[in-house]
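Reading through the structure tokens given below for one structure.
Throughout, read-outs are computed from the coordinates displayed, never taken from laboratory work. Computed from a predicted structure; not experimentally measured. Cβ: placed from backbone, ideal geometry, glycine included. Neighbour counts: every protein chain shown.
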Amino acid sequence: MQQKAQKRILITGAAGFLGSHLCDRFIQENYHVIAMDNLITGALENIEHLFHMANFEFHHHDVSKFVHVPGKLDYILHFASPASPIDYLRIPIQTLKVGSLGTHNLLGLAKDKQARILVASTSEVYGDPTVSPQSEEYWGNVNPVGPRGVYDEAKRFQEAMTVAYHNFHGLDTRIVRIFNTFGPRMRLEDGRALPTFIAQALRGDDLTVFGNGEQTRSFCYVSDQIEGIYRLLHTEYHEPLNIGNPEELSVKAVAEEIIALTESKSKIIYEALPVDDPQQRRPDITKAKRILGWEPQVSRREGLIQTIAYYKQKLKDGVKQQIN
Ligand code: NAD
């Protein structure tokens, strides 16, 4: 019997948090994974455990420049982009470029290779939403010239460009709108609420909550997010789709939960709310349930326990490195 040819997938942003988990998943599913990253916010240590594998290769490349990949490609996952406010405020032009020029390059590559492409969009396309929960039909409330505009507008452009390639060129496209996701391999210092709170709690520092802490967020554990993305890639659905955990809670409540889970003596202190910080964030996942048969399986508490264990180890390794 003839063996089925191995599927080849290009994953951009592969050395980052979500990209590295996607590499793991597709290697596990026996794909040939071509990982691409310029390491601007990612780290090779997230994927170095895959380097010895015959079906894994790494390309150090900035996808905002022309992208060339030899051989056939069946799928492209475009995940390259700074994703935390600290990062995209530090590198605003690169953020706009990877969402626009980078996306254009990858759509062109997908067209050339006749590959299916899935692009990583974000709940930030909804801006500071005036409706809750946010369904895919909501057009959003984004300040294009505010500090977060570089990220939000790059992602909105990315969606528009992807839809244009689908409609005009008949490209096989997918758009996932990712809501806050957390888990091992997020950078401790990336400025997002969960890693910051966990690092502060483990070090015994006070937890800095912005505003009065009543603004809400909902947090999806990484294994659930990866499962949703995997299913979307393999489903015939090209409209944008929300993937996230609809369980909403205040930022203050999550800070308290982390203090309790780490058994920390830290206290909460309050600082000024950043400009355009969204007041509420909660996905409507009715469509993901219906179309993908998907919903989150891991509770926030369970996810936090896993994540805290990972960060404890990281902090221990960091101390060891400093001593050596
Ligand atoms: P991350 O910063 O950990 O990973 C992003 C990766 O992209 C990094 O490894 C970085 O080096 C790489 N990169 C950035 N610009 C590049 C370029 N020009 N060329 C090549 N590589 C480049 O962030 P993440 O949390 O893993 O986010 C991954 C994707 O998911 C992003 O597109 C982000 O917008 C999206 N997303 C993530 C979340 C979340 O909660 N983590 C939420 C919404 C959307």
Convex hull over the Cα atoms of segment 58-172, averaged projected area in nm²?
-> 7.9
Note the angle between two axes, namely the Cα long axis of helix 193-203 and the longest principal axis of the Cα atoms of the chain, as a number of degrees from 0 to 90, rounded to the nearest 10.
-> 50
Rg to Rh, two decimals, where segment 107-155 supplies the alpha carbon set and Rh follows Kirkwood | 1.13
How many angstrom separate the Cα center of segment 76-135 from the Cα center of segment 9-23?
-> 14
With θ set to phi - 60°, apply the Karplus curve 6.51 cos²θ - 1.76 cosθ + 1.60 along segment 254-265 and write out the HN-Hα couplings as whole Hz, x wherever there is a Gly or Pro.
-> 6, 4, 5, 4, 5, 4, 5, 5, 8, 6, 8, 8
Could you run the Karplus curve 6.51 cos²θ - 1.76 cosθ + 1.60 with θ = phi - 60° over segment 138-153 and give me ³J(HN,Hα) per residue in whole Hz, x for Gly and Pro?
-> 6, 7, x, 9, 10, 8, x, 9, x, x, 8, x, 4, 7, 4, 6
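Quick one: compute a quarter of the convex hull surface over the Cα atoms of segment 106-222 and quote it in nm². Walk me through the intermediate numbers first.
On the way: hull surface 37.5 nm².
Taking the Cα atoms of segment 106-222, their convex hull projects to 9.4 nm² on average.
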Pairs of Cα atoms under 8 Å, at least six residues apart: use those to get the relative contact order of segment 23-121, whole percent.
-> 29
How big is the Rg/Rh ratio for the chain, C-alpha atoms only, Rh by Kirkwood, two decimals?
-> 0.96
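Grab the other residues whose beta carbon is less than 9 angstrom from that of residue 297, score K and R as +1, D and E as -1, and report the net. All intermediate terms of the calculation are to be shown ahead of the outcome.
Working: positive: none; negative: 224, 227, 295.
With Lys, Arg at +1 and Asp, Glu at -1, the net is -3.
Indicate, rounded to the nearest 5 percent, the antiparallel portion of the DSSP beta bridges found entirely in the chain.
On the way: 3 of 39 bridges.
Antiparallel bridges: around 10 percent, rounded to the nearest 5.
Between residue 5 and residue 236, 0.36 nm times their residue separation minus their Cα-Cα distance comes to what? Let's see the in-between values first.
Values: separation 231, 0.36 × 231 = 83.16 nm, distance 2.16 nm.
Between residue 5 and residue 236, full extension yields 81.0 nm more.
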Find how many whole Å separate the alpha carbon centroid of segment 193-244 from the alpha carbon centroid of segment 28-69.
-> 23
Cut-off under 5 Å, modelled amide H: who pairs with residue 282 long-range = 134
So which residue, out of 83, 272, 193, gets the largest mean-square fluctuation from a GNM of the chain using Cα contacts under 10 Å as springs?
-> 272
Take the chain, connect every pair of alpha-carbon atoms lying under 10 Å apart with a spring to form a Gaussian network, then pick out the residue of 253, 14, 54 with the largest mean-square fluctuation.
-> 54
Which ordering of 270, 31 is given by a fewest-first count of other beta-carbon atoms within 10 Å?
-> 270, 31
Hey, what's the Cα Rg ratio for segment 233-324 versus the globular rule of thumb, 2.2 N^0.38 Å?
-> 1.49
Run down the lysines and flag those whose C-alpha is under 20 Å from the C-alpha of residue 65, throwing out any fewer than 8 positions away in its chain.
-> 97, 111, 113, 155
Which FRET efficiency value, to the nearest 0.05, is calculated for residue 163 and residue 89 with the Förster distance at 30 angstrom and r the Cβ-Cβ distance?
-> 0.60
Placing each pseudo-label 7 Å from Cα in the direction of the beta carbon, residue 52 and residue 310 end up separated by a distance in nanometres of 2.2
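Dipole of the chain, Cα-centred, from +1 at each Lys and Arg C-beta and -1 at each Asp and Glu C-beta, to the nearest 20 debye?
Numbers: 36 positive and 39 negative charges, 127 e Å.
For this selection, approximately 600 debye.
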For a footprinting-style exposure proxy, rank 58, 17, 168 by other Cβ within 10 Å, fewest first.
-> 168, 58, 17
Under 12 Å, Cβ to Cβ, from residue 8 - net charge with Lys/Arg +1 and Asp/Glu -1 | +2
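Once fully extended, how much extra length lies between residue 135 and residue 210, figured as 0.36 nm per residue of separation less the alpha-carbon to alpha-carbon distance?
Taking 0.36 nm per residue and subtracting the Cα distance, the gain is 24.4 nm.
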